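Input: a single structure, listed below in C-alpha cells.
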Amino acid sequence: MYLTTRRRPGPARWLAPILVGCVAGTALQLMQPALWHWFAYAVALLAGAGLAWQLLASGLTGARYRTAMALAVALVMFAQVGLRAAAFQSGALAPELQGRDLQLTAVVAAMPQASAAGLRLQLEVELASADGVAVRLPPRILVSWYGARPGTDAGAGDLTDPIPEIHAGERWHMTVRLKQPHGNSNPHGFDYELWLWEHDLQATGYVRTGAGQAVPRHLGQTWRHPVELARQSVRRRIDTHLPQSPAAGWISALVTGDQNAIDRADWDVFRATGVAHLMSISGLHVTMFAWMAGLLGAALWRRSPRLCLRLAAPHAALIGAVTLATAYALFSGWGVPAQRTIWMLATVCLLRLSGRSWPWPVVLLLAGAVVLAIDPWALLQAGFWLSFVAVGVLFASDAREEDGAPRSIAVRLRAMLREQWIMTLALTPLVLLLFGQVSLVGFVANLLAIPWVTLLVTPLAMAGALIAPAWDLAAWAIAVLAWYLQLLAQLPFATVSVAMAPWWLGAAAVAGAVLLVMPLPMSLRVGGAALMLPVLLWQSPRPAPGQFELLAADIGQGNAVLVRTENHALLYDAGPRFGRDSDAGHRVLLPLLRALGVELDLLVLSHRDSDHVGGAQSVLAMQGRAGLLSSIEPEHPLWAVRPGRRCEAGQSWRWDGVDFVVLHPRAQDYLVQTKSNALSCVLRINAVDIGGSVGASALLTGDIESAQEQRLLADGANLQADLLLVPHHGSKTSSSAPWLDKVQPRMAWVQSGYRNRFGHPAPVVAARYAERGIPLMASPECGAMRWQSWAPQTSQCERSENIRYWHHVATPISRF
C-alpha cells in the first residue's frame, strides 16, 4: 500500500524543499577540493539559519518560498558539514611526526582484524611521546602488528616473532611509526582515504617490534569496548567450533560483521553471482532482522491485555523491531550500511507512531536527510545509492498489493518474483555505473540466496552464539548455497563488463530504468529503455591511428603501465603482491581495465622481482587473450599459467601505426647475467603519423641499473624519448648522467610507494633530473599518471584532477 493520503498534504508540501536543501547542501560541500577556514563556515551557517527564520516568519507560500527555503537549508547543511570536517581535520597527524618512533599508551578500540602478515588494530590514543617529549596524536589510529598470530604457525623471514593474544578494550604501551592517511588514487578506484575518514582514522602505521625496540606491554583490560570484546569472543568460538571449515568465515561475517574472514575466492564467486550484498551486514540483513523481531514482538505483546491497553501491539512491535535491529547492528560492528538502515528504520517508525502518512518520495527524502545529517559522507558510498534507489523503485513501481486481503502462497511467490525482477532490472544501470560489471545470473542466484541466507543461514548463525550446534546446521546450509553459487559462477556468461560511463549518462540510465519498471504507458517505458542504451554501449575514448597513450597506475612500490593504441592494449608489468590473498592485479589493475573497457593483447613483465610480477597471475587469469613477453626464468610458474616468449633486443611490432621495439636484454645476457634487474625488458614506443613521420615516444625501463644504461649507450640504441619511466623507481644505482643526457626526456615518471622504505627516488637522482630541467612526477604525489603522444609536453595526475579535502596532499618526492 502506498504511504500516501490526500487528507494531510500540508506537512509533506513544506517539508519537501527542506529535504531537497539538505541533500543539495551536503552534496555541494562534498565537492570541495579544500576546506575553508572554520569562520567562513560559521558565517554561512548563521546566514542560512537567518534566511530560513525570515522565511518561516514571513508566512509566504508558493514556488518562490519553496525555492528560497531549499536554498537556505542547503546553505545551513553546507556550513555544518564544513564545520564538522574542519574540526575533524584539525586533529590530523603533524607532518613532522611521520616516520618517527613514537611511544604511546592506547586502548584497542575494535575487534582486531587478522591478515596474512599479522593483525590490524584500531587504537584510541591516550598518551604519546617522541624522544621523551609529549606529542599530540590523532584520537584514533590504525596500525599493523606484523608477525605470527596466536594459534598459527610462525611465518617465514622477518615475520617469525609471535603476536600475543590481543582483545578489544585492552590498554597497551607500544612503539609505533605513523604516517598520514594515504591511499592509491586511480581512475574509478576505491577511495581508501575516504574510508579512513569515515571511520575516524587519521593516521596509519605499524608496531615496532624489531631488535633494539621495547617490547609492547599489556597494561590491563579497561572494559571500555564491551560490544567489540563480545564480538571477538563469538568470532573465536566460531573458529574453534568449525576449525578449517570454509563456512566459518561466512558465519563470522554474518554474525560479527568480520568480512575479512571470507576467502578472496569466495568473494569472487559472490561478485560473479551478484550476491555479495548478502555476505556483509547490509541493509537487507538489518531490515529482515527488524521484520522478524517485529512479528515476534507483536505476537508476544498481544498475549497481555494489560500491555495492549497501555500501548497498541503494532506500535510496540515497531519500537521493539527498531530497538532489536539497533542491537544487532551494534553487535555486528556498526558498519556504515547498518547505521544507514537503522536511521532509515527509525525515521519511518517515528512517522508511523505519530500517525503521519506522507507521499513515499517525501518519506524517502526524509530518511535520506536524516542519514546525511548524521553521516554526510555516506552520500559518496555506493551502498547509499543502491539502497535508496532500490527502495524508491519498489515504491514507484507499485510493487506491493493495495488491498489488505490475505494472500495465497502462489500470490506471494508471484509478488516476490516480480519484486526481484524489478530490482534486478532497475539497478543494473546503477551497478554498471558504480562497478563497471553486472552479474547476468544475479536474478537466478538471488531468488534462492536471499531467502536462504536471510531466513535460514543468518538465524542459524546467530542462534549458534547461544547454542553452538546451530553453527553445524548453518555450515551445512552454507555448503548447499556455495555449491549452487559455484555452479552459476562457472557459466561463461555469468558476468558482463562494460566501460564505466560518465556520471550524467549513468544518471539518465537510472532514470530510464525507473521509467521502464513503473506502471506507465508503453511509449514512456520504451523511452526509458532508450535512456539505458548509452551506458550499455559506452566506449572509453581511444587514441587516433598512429597515436598512443600511457596510464601509470598507482599501485604503490612497483611498476604497472597501461599502453593503449587505437585497437590494442599492452600492460607493462603488473605491480606488487600485498599479501597472501591480495595483489595489485586483483585490487587495482583488473578493476581499472574493467572500468576502461580494456582487453589486453600483451602483458610484458620486465623481470622476476615481486614488485613487477606480483599481480601477473591475477591479470592473466582474467585476461584470457593476453600474450606474455618476459625475461623471467624458464622454470618460473607464470609460464605454466600462460606460455609466451622471452623478450630480446631487436624484437619489434606495429599496432595501429605505433611502433614497439625491445631494446634490452640481448640474447647473450641470459647466459651471463644472474641479477634479475640486469635482465629487465626495456621497451621503446613511437607514435607514427599518417604521413609516416615519427612522432612522440616513450621509454619503459624496468629496473635496469647503470651498467645496463652504459651498455645501451655503447650499443648506439635509439634512446631519445619524450616520456621516461625512471629506471629502478629512482634508485641511486640508476639514472646516470650520460644516460639522461642521451634520453633527454621532456618529463619522467617514478612509480614508487608513499614513504617507501627504499627511499625511492633517491635525492641524488632527483637532483640530476632537476639539474636538466626534467619534471619528475611521482605516484605518491600524483596518483595515477596519464600521458598522450599527441600532447607530449603535458601529463595529467589523477590525484590533482579529482582532489577532495579528505585526500592527503603529499610533499614532493616523499620518502618513508
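The values are calculated or read from the model by the stated rules, or taken from the named source; none is laboratory data. Just so you know, these numbers come straight off a predicted model, no measurement behind them. Backbone-built Cβ (ideal geometry, glycine too); neighbour counts: all protein chains shown. Surface areas here come from the heavy atoms of the whole protein model, side chains and all, with no ligands, DNA or RNA. Shrake-Rupley method; radii C 1.70, N 1.55, O 1.52, S 1.80 Å.
Using the basic label-point model (7 angstrom from Cα toward the beta carbon), what is the residue 221 to residue 599 distance in nanometres?
5.9 nm
Counting DSSP beta bridges in the chain, what percent are antiparallel, to the nearest 5? Show your work: numbers first, answer last.
Values: 66 of 88 bridges.
Percentage antiparallel, nearest 5: 75.
Pull out a ≥ b ≥ c, the square roots of the eigenvalues of the alpha-carbon gyration tensor of the chain, then state rounded if a/c is under 1.5, prolate if not and a/b is larger than b/c, and oblate in the remaining case.
Numbers: a/c = 1.67, a/b = 1.51, b/c = 1.10.
Prolate, because a/c is 1.5 or more and a/b exceeds b/c.
What net charge is computed for the residues neighbouring residue 678, neighbours being all others with C-beta under 15 Å from the C-beta of residue 678, Lys and Arg scored +1, Asp and Glu -1?
Working: positive: 608, 646, 666, 675, 711; negative: 609, 633, 648, 669, 703, 705, 709, 715.
Summing Lys and Arg as +1 and Asp and Glu as -1 gives -3.
Determine how large the accessible area of residue 610 is when every protein chain is in place; take a 1.4 Å probe and give Å² rounded to the nearest 10.
We get 80 Å² for residue 610.
Amide H neighbours of residue 148 under 5 Å, counting only residues 5+ apart in sequence or on other chains, H built in-plane at 1.01 Å?
155, 161, 163
Any idea what % of Cα-Cα pairs in the stretch 224-326 are farther than 25 Å?
Details: 2130 of 5253 pairs.
Result for the distance tail: 41 percent.
Loop-only check: which trypsin sites (Lys or Arg not before Pro) in the stretch 57-137 are DSSP coil with at most 14 other Cβ within 10 angstrom? Don't skip to the end; give the middle numbers.
Details: sites: 64, 66, 84, 100, 120, 136; in loops: 100, 136.
Hits after loop and neighbour filter: 100, 136.
Return the FRET efficiency for the residue pair residue 476, residue 319: r is the Cβ-Cβ distance, R0 is 30 Å, and the value is rounded to the nearest 0.05. Walk me through the numbers on the way to the answer.
Values: r = 36 Å, r/R0 = 1.19.
Efficiency for this residue pair is about 0.25.
Sort the following peptides by mean Cβ neighbour count (other Cβ atoms within 10 Å, averaged over residues), highest first: 572-579, 267-274, 637-644. Working shown, then result.
Values: 572-579: 24.8, 267-274: 20.5, 637-644: 13.9.
Taking the mean over residues of other Cβ atoms within 10 Å, the ranking is 572-579, 267-274, 637-644.
Between residue 791 and residue 694, with labels modelled 7 Å along Cα→Cβ, what's the label distance in nm to one decimal, could you check?
2.5 nm
Going by average Cβ density within 10 Å per residue, which order do the peptides 67-80, 553-566 take, highest to lowest? Please report the intermediate quantities before stating the final value.
Values: 67-80: 21.8, 553-566: 25.2.
With the highest mean Cβ count within 10 Å placed first, the list reads 553-566, 67-80.
Output the Kirkwood hydrodynamic radius of the stretch 562-630, Cα pairs only, in Å rounded to one decimal.
Working: mean 1/r = 0.0852 Å⁻¹.
So the Kirkwood estimate lands at 11.7 Å.
Which shape class, rounded, prolate or oblate, goes with the stretch 484-586 when its Cα gyration tensor gives a ≥ b ≥ c as root eigenvalues, a/c under 1.5 marks rounded, and past that a/b bigger than b/c marks prolate? Provide the component values of the computation, followed by the final result.
Working: a/c = 2.74, a/b = 1.61, b/c = 1.71.
Oblate is the answer for the stretch 484-586, as a/c is 1.5 or above yet b/c matches or exceeds a/b.
Around residue 173, what is the net charge, scoring Lys/Arg as +1 and Asp/Glu as -1 over all other residues with Cβ under 15 Å from its Cβ?
Values: positive: 171, 208, 217; negative: 101, 124, 126, 170.
Surrounding charge for residue 173 is -1.
Output the 0 to 90 degree angle, nearest 10, between the alpha-carbon long axis of helix 283-301 and the longest principal axis computed from the alpha carbons of the chain.
20 degrees
Note the full-extension length gain between residue 49 and residue 802 as 0.36 nm times their separation in residues minus their Cα-Cα distance, in nm to one decimal.
Taking 0.36 nm per residue and subtracting the Cα distance, the gain is 268.0 nm.
Assuming R0 = 45 Å, what is the FRET efficiency of residue 56 and residue 192, from their Cβ-Cβ distance, to the nearest 0.05? Before the final figure, lay out the partial values.
On the way: r = 43 Å, r/R0 = 0.95.
Computed FRET efficiency for residue 56 and residue 192: 0.60.
What is the set of long-range amide H partners of residue 178 at a cut-off below 5 Å, with H atoms built 1.01 Å from backbone N?
Answer set, sorted by chain and number: 99, 100.
Evaluate the relative contact order of the chain (contact order divided by residue number), counting alpha-carbon pairs under 8 angstrom at least 6 apart; express in whole percent. Could the numbers behind the result be given before it?
On the way: 1572 pairs, mean separation 77.5, N = 816.
Across the chain, relative contact order equals 9 percent.
Simple spin-label model, 7 Å along Cα-to-Cβ: residue 303 to residue 581 in nm?
The modelled label-to-label distance comes out at 4.2 nm.
For an R0 of 41 angstrom, estimate the FRET efficiency from the Cβ-Cβ distance between residue 312 and residue 42 and round to the nearest 0.05.
Details: r = 45 Å, r/R0 = 1.10.
Efficiency at R0 = 41 Å is approximately 0.35.
How much accessible area per residue does the chain have, counting only protein heavy atoms and a probe of 1.4 Å, in square angstrom? Working shown, then result.
Values: 36670 Å² over 816 residues.
Averaged over the residues of the chain, the accessible area is 45 Å².
At a 1.4 Å probe radius, carbon and sulfur cover how many percent of the accessible area of the chain?
Details: 22760 of 36670 Å².
Taking all protein chains in place, the chain shows 62 percent carbon and sulfur surface.
Counting only the heavy atoms of the protein chains, how much of residue 163 is accessible to a 1.4 Å probe, in Å² to the nearest 10?
Ignoring ligands and nucleic acids, residue 163 comes out at about 10 Å².
On the full set of protein chains, 1.4 Å probe, figure out the accessible area of residue 287 and give it in Å² to the nearest 10.
60 Å²
When a/c is below 1.5 the answer is rounded, else prolate if a/b is larger than b/c, else oblate, so apply that to the stretch 168-270 with a ≥ b ≥ c taken from the square roots of the Cα gyration tensor eigenvalues.
Details: a/c = 1.84, a/b = 1.10, b/c = 1.67.
In terms of gyration-tensor shape, oblate.
Summing +1 for each Lys or Arg and -1 for each Asp or Glu, what net charge is found among the other residues whose Cβ lies under 10 Å from the Cβ of residue 688?
Details: positive: 654; negative: 656, 659, 689.
Local charge sum for residue 688: -2.
Give, as ranges by residue number, the residues of the stretch 75-105 whose backbone N falls under 14 Å from the point 7 Å along Cα→Cβ of residue 173.
103-105
Can you give the helix-only mean residue ellipticity at 222 nm for the chain, where every DSSP H stretch with n ≥ 4 adds -39500 (n - 2.57) and the sum goes over all residues, rounded to the nearest 500 deg cm²/dmol? Spell out each step's value before the answer.
Values: 29 runs with 360 residues, N = 816.
Helices in the chain give a 222 nm mean residue ellipticity of -14000 deg cm²/dmol.
What are the ³J(HN,Hα) couplings of the stretch 620-628, residue after residue, when phi is run through the Karplus curve with 6.51, -1.76, 1.60 and θ = phi - 60°? Round to Hz, x for glycine and proline.
The phi angles translate into 5, 5, 9, 10, x, 9, 6, x, 10 Hz.
Between residue 244 and residue 737, 0.36 nm times their residue separation minus their Cα-Cα distance comes to what?
Details: separation 493, 0.36 × 493 = 177.48 nm, distance 5.64 nm.
Full-extension gain reported as 171.8 nm.
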